[in-house]
Every structure is written in structure tokens, then in C-alpha cells.
1. Amide H neighbours of Ala13 under 5 Å, counting only residues 5+ apart in sequence or on other chains, H built in-plane at 1.01 Å?
2. Counting other C-beta atoms within 10 Å, and keeping those with at most 12, which DSSP coil chymotrypsin sites (Phe, Trp or Tyr not before Pro) do you find in segment 9-82?
3. Once label points are set 7 Å from the Cα along Cα→Cβ at both Arg64 and Leu50, what is their separation, rounded to one decimal in nm?
4. Taking Rg and Dmax of the Cα atoms in Å as the quantity of interest, determine which of [x] 13.5, 43; [y] 17.0, 49; [z] 12.9, 44 was computed from the displayed structure.
5. Under a point-charge model restricted to the Cβ atoms of Lys and Arg (+1) and Asp and Glu (-1), what is the dipole moment magnitude of segment 2-82 relative to its Cα centre, in debye to the nearest 20?
Amino acid sequence: MIESPPGSVKVRACKMKIRVRKQDSAYLYQILESYEGLANYSTVSQQKDLPYRDIDLHIAPDLREEVERLIDRLSLEIPVEKL
């Protein structure tokens, strides 16, 4: 669980890390963007020659199940590994 810094508006978020093939990462980003507000994401820094991308998802706790379902549905189209 991620919490806001002291003195700021209190926001809690869950964090999930997934791995996709490099060639599928743009597709995943487009899907996440299309579900505006469902989750924020960032690509984890890593070596450029790796064949995959690790992606951190930051999710509101009440949306976690919906994100899990989305990732499960996406895994029917592209390989997605939950880390």
C-alpha cells in the first residue's frame, strides 16, 4: 500500500507489477490509457536489450479487482506476467 506524504491530501493506492514483451508494451499502454482513471503506470528502468518491459501499476484500492480482471483478459491476447 502506498500512502501520500505528510501534509498532503491522503490517498492510498495499491501497487502491482507486471511484465510484458517489449513489442506488446505500446499496446498495453494504449489499453491502460483508454481506461482513463483506472490505474496509473510507469515503466521500470532496466537494460535496453531485455526482451520485456516491467511495468508498475498504481491502483486505487476499490479498483484493484477491476484492474485484475483487465489484466486477466489482456493475458488472453498477449503474454502478461504478474510479478
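1. Those lying under 5 Å, H to H, from Ala13 are Ile2.
2. Counting only loop positions with at most 12 other Cβ atoms within 10 Å, the chymotrypsin sites (Phe, Trp or Tyr not before Pro) in segment 9-82 are Tyr35.
3. With each label placed 7 Å out from Cα toward Cβ, I get 2.4 nm.
4. Recomputing Rg and Dmax of the Cα atoms in Å here picks out [x].
5. Details: 13 positive and 14 negative charges, 51 e Å.
So the magnitude is around 240 debye.
Coordinate-derived values only; no laboratory data. None of these values were measured; they are calculated from a predicted model. Please note: Cβ atoms are built from the backbone with ideal geometry, for glycine as well, and neighbour counts cover all protein chains shown.
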